[in-house]
Amino acid sequence: MILHRYLIREILQATAGVLAVLLFVYLGDRFARFLAVAASGQISGDLVFQLLILKLAQNLEILIPAAFYFGILLGLGRMYKDSEIVAILASGVGVRRLMSSVLWVSVAFAILTLGLSVFASPEMATAHARLLARAKGEAETSGISPGRFREVSGGDRVFYVEELSPDRRTMRNVFVQARRKGAQELAVAKRAYVSVQGLSGDRYVVLEEGYRYTGQPGSADYVVTRFKKYAVRLDEADDEPEYRKLHSLPTVELLRSESLAHVAELQWRFSQPISVIILGLFAVPLSRTSPRQGKYAKLFTAVIIFFIYNNAVGVAQKLVERGDLSPWIGVWPVHLVVALLAVWLFWAQNTPRWWAALGIGQRETD
């Protein structure tokens, strides 16, 4: 029991260290990207940190399995380097006991990843997409200054604002000119604000308490309408808004669908927790090194295996989505092949044969 706790502690400490590095790299990259987008005026700078946190939460399903895999590799690799594993085996504890301890913590991480992949990540993706749409909508008017005209939507909309609220979200005494298929529309209102409406994700400037004048330029035939609330569209969103795309759809909706794209996305989500267990078991024999090699000896090989595994799952998912691969086959052969390789490597190291000369299976006395 003491040995079991010690192994788990070493793995968790290494995993926490790897996760911290991955988070630092990921946050740095994403933060730079969001800042570049905000600097170009495409989104409001006030929402950059919120977008960053939501994006991070959305991708934890990928970062945590990676950190756990490399955490096992580095944790056990350190124990091999310091000859702790040799001492443990000499005391009568078998390699299968080590594998059992890793399996228990792998199952715990798999359950965590399952919750992230199936439930949390789609919710975070939806929240991120909605906030991004809001940020873009606010950016359309973030450049509006009191007392100046501002063109948006390629010049089809012209805004004039007499006053802005301190948070720059509410405009007062607003003038709007819009061109629609040869007709011209003028609107004046006491207040206005930007809103994202409906499932389409279209962005609007909502005018409150004002008048609308519609007619042909050069003609005296104008229609005057008084309104309490009137929305002027800034631009049209894509046919499929971001928060209705595959990675944002609830898992329950995917389960009810027979669409190949939905089936492929569902298989990808369930692949994440499965990969945690398979990679965890793979990391045990892969971490086996001699004291002279050091704990980073197999790191490059581990990185190559990780990327090949994840890319193979991604390719299989795309084949299912395009209809080139039967959904009944799907991504599962990829998991099976990697699992068999892990079993073979474990067996090869504990049943030395001619491949030991190649450095694949090594005795503990190396």
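Under a Cβ-Cβ cut-off of 15 Å, what is the net charge of the residues other than residue 118 that fall near it, where Lys and Arg count +1 and Asp and Glu count -1? Don't skip to the end; give the middle numbers.
Details: positive: 256, 269; negative: 61, 123, 253, 265.
Counting the neighbours of residue 118, the net charge comes to -2.
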Exercise for the section: Would you calculate the separation in nanometres between label points at residue 188 and residue 120, each defined as 7 Å from the Cα along the Cα-to-beta-carbon direction? Expected result: 5.4
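Tell me, what is the FRET efficiency for residue 13 and residue 96 to the nearest 0.05, using R0 = 25 angstrom and their Cβ-Cβ distance as r?
Numbers: r = 23 Å, r/R0 = 0.94.
The pair residue 13/residue 96 has a calculated efficiency of 0.60.
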Problem - Amide H contacts under 5 Å for residue 191, placed H, 5+ residues apart - result: 173, 174, 208
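Work out the FRET efficiency for residue 87 and residue 21 from their Cβ-Cβ distance, taking R0 = 25 Å, and round it to the nearest 0.05. Intermediate values should be presented prior to the final figure.
On the way: r = 29 Å, r/R0 = 1.17.
The pair residue 87/residue 21 has a calculated efficiency of 0.30.
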Fill in the blank from the handout: Phi-derived 3J(HN,Hα) across the range 22-33 with the Karplus relation (6.51, -1.76, 1.60, θ = phi - 60°), rounded Hz, x for Gly and Pro, is 4, 5, 4, 5, 5, 5, x, 5, 5, 4, 4, 5
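Give, as a single signed number, the net charge of other residues whose beta carbon lies under 12 Å from the beta carbon of residue 3, with Lys and Arg counted +1 and Asp and Glu -1.
Values: positive: 5, 9, 97; negative: 10, 84.
Surrounding charge for residue 3 is +1.
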Handout entry: trypsin sites (Lys or Arg not before Pro) restricted to the range 272-317 and DSSP loop, no more than 12 other C-beta within 10 Å
Key = 292
Exercise for the section: Pop out the ³J(HN,Hα) list for the range 158-168 in order, Karplus 6.51 cos²θ - 1.76 cosθ + 1.60 with θ = phi - 60°, rounded to Hz; leave Gly and Pro as x. Expected result: 10, 10, 9, 10, 7, 8, 10, 6, x, 8, 6
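Values in this text are rule-based calculations from the coordinates and carry no lab data. The shown structure was predicted, so the numbers you read here are calculated from the model rather than taken from an experiment. Cβ atoms come from the backbone with ideal geometry, glycine included; neighbour counts cover every protein chain shown.
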